[in-house]
Amino acid sequence: MIRTNQLQNITASIAATALITITTLSSTGCHIHSVASARNSIPANRLDPNLFGCSREALAPLPFSSLGQVKPEQHIIGPGDTLSIYVYGVFPANEEETPVQQRSQAINQRYYPPRGTVVGPLTGLPARVEGNGTIDMPLIGDVNITGLTMPQAVAKLKQAYLDENVLQEGKERVTVDLLIPRVRRIVVLRQDTPNPAVALTPPGVVDQVHRGSGEVIDLPIYENDVLHALGATGGLPGTDAARELYVIRNGAGINTQFLSGGSLQGLVSGGEAGQCNAGVIRIPLAGCPCDGIPFQPADVVLHEGDTVYIPRRDEYFITGGLLPGARIPLPRDKDVDVLEAIALATGSPGGPLGLSGAVLAGGRPGYVREATQVMILRTLPDGRQINIRVDLDRAITDQKQRIRIMPDDVVMLHQKPGAAFFNTFLNYFSGDGILVSSIAD
């Protein structure tokens, strides 16, 4: 009788094992597919860490002085300047006392005068340099003074009046000073948040409500550059903006096509903003150490009607597999490796309970063997896709396995085949399975 009972138990165990094997194989169908995908993937430790560009933490800031321009030692007169001119006995004609003009930064848009609002008094009457570079002077007509310094303009006016016998040589008194410098009106469009209050969002939550800002500013000549435009409109881009900006030139024939969308996603791919629009200049604000600056000094000088555009940063990675599906923002200035990406997705790369302790609520052991295989789907700049395989068991000790996460990566967590079989086996026997029923018998 004892042998008969033992034989029945052995037979029941064999049948249970066969049934469990069939059930396990059917329940791990998705893992079989992941095994096939893993076979066609590239192990993370075989990839060069610098293959996908500079690390975010290694990026060096741009020398911000390169965003400005070198101011000449003396002001060069040009169209739009307002000068204070005095010619004794001629300009003004019937004025015995020397007229005094109060020089000030009378600019109609917001700007910070470098030396305060009032700079100092000047002698003479105001005269504006016309678009053709001339000023209209009494008795001698138009005089072209474009491209001259103040002493050179004084010498030219003296000679012009001497040639017309208006002034007597040796007794001429002529002064020329800058009253109001010519300005360049530009537009600054920023897509970073103008509100100084910082709004924090939990991982996996994508903020869809966003408001940018824009300002019209007048910049004096020799300060009409990107450096002063940023200083007048809030400073460097915030963390919700890309570390780059675009100078969009104003002129005929350069704004007839949309900007290249791919050019707005590269961090330091070059100074140009796409070959389809030569009137747009990309200026990165960070780059790999010791690399050359990918723009020319003339590119940062702003002209009348130019636009400075600061785009919003749109960098995310996608999670899937055993991770909760989410679209998670990437930090701007810090790297995120695969372990940190799983933590951001509210998952756990290890631990005796795998994803969470909630599996104990149903009386089952859950994932005793944690999921330790990650598949990263990455799209290359040329449009091709590669699959990268990461072993989390090895990533704990092997730095090469902790691959950096790039924008638009798809990070999927899977179980290895052995772990999947083991977890399914234990889950089957932990509840109202065959083994429990046979033990009760």
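The values are calculated or read from the model by the stated rules, or taken from the named source; none is laboratory data. The structure presented is a predicted model; accordingly, all values stated were derived computationally and were not measured. Heads up, the Cβs are rebuilt from the backbone with ideal geometry, glycines too, and the neighbour counts pull from every protein chain shown. Protein only, heavy atoms only, side chains kept; ligands, DNA and RNA dropped before computing areas. Shrake-Rupley method; radii C 1.70, N 1.55, O 1.52, S 1.80 Å.
Side notes on the structure shown:
- Rounded percent of accessible protein surface that carbon and sulfur make up, segment 37-87, 1.4 Å probe: 53 percent
- When peptides 57-66, 143-152 are sorted by average Cβ neighbour count within 10 Å, with the highest value leading, the order is 143-152, 57-66.
- Candidate lysines - alpha carbon under 27 Å from K416, same-chain residues fewer than 8 apart omitted: K400
- Built amide H within the under 5 Å cut-off of N250, gap 5+: D306, T307
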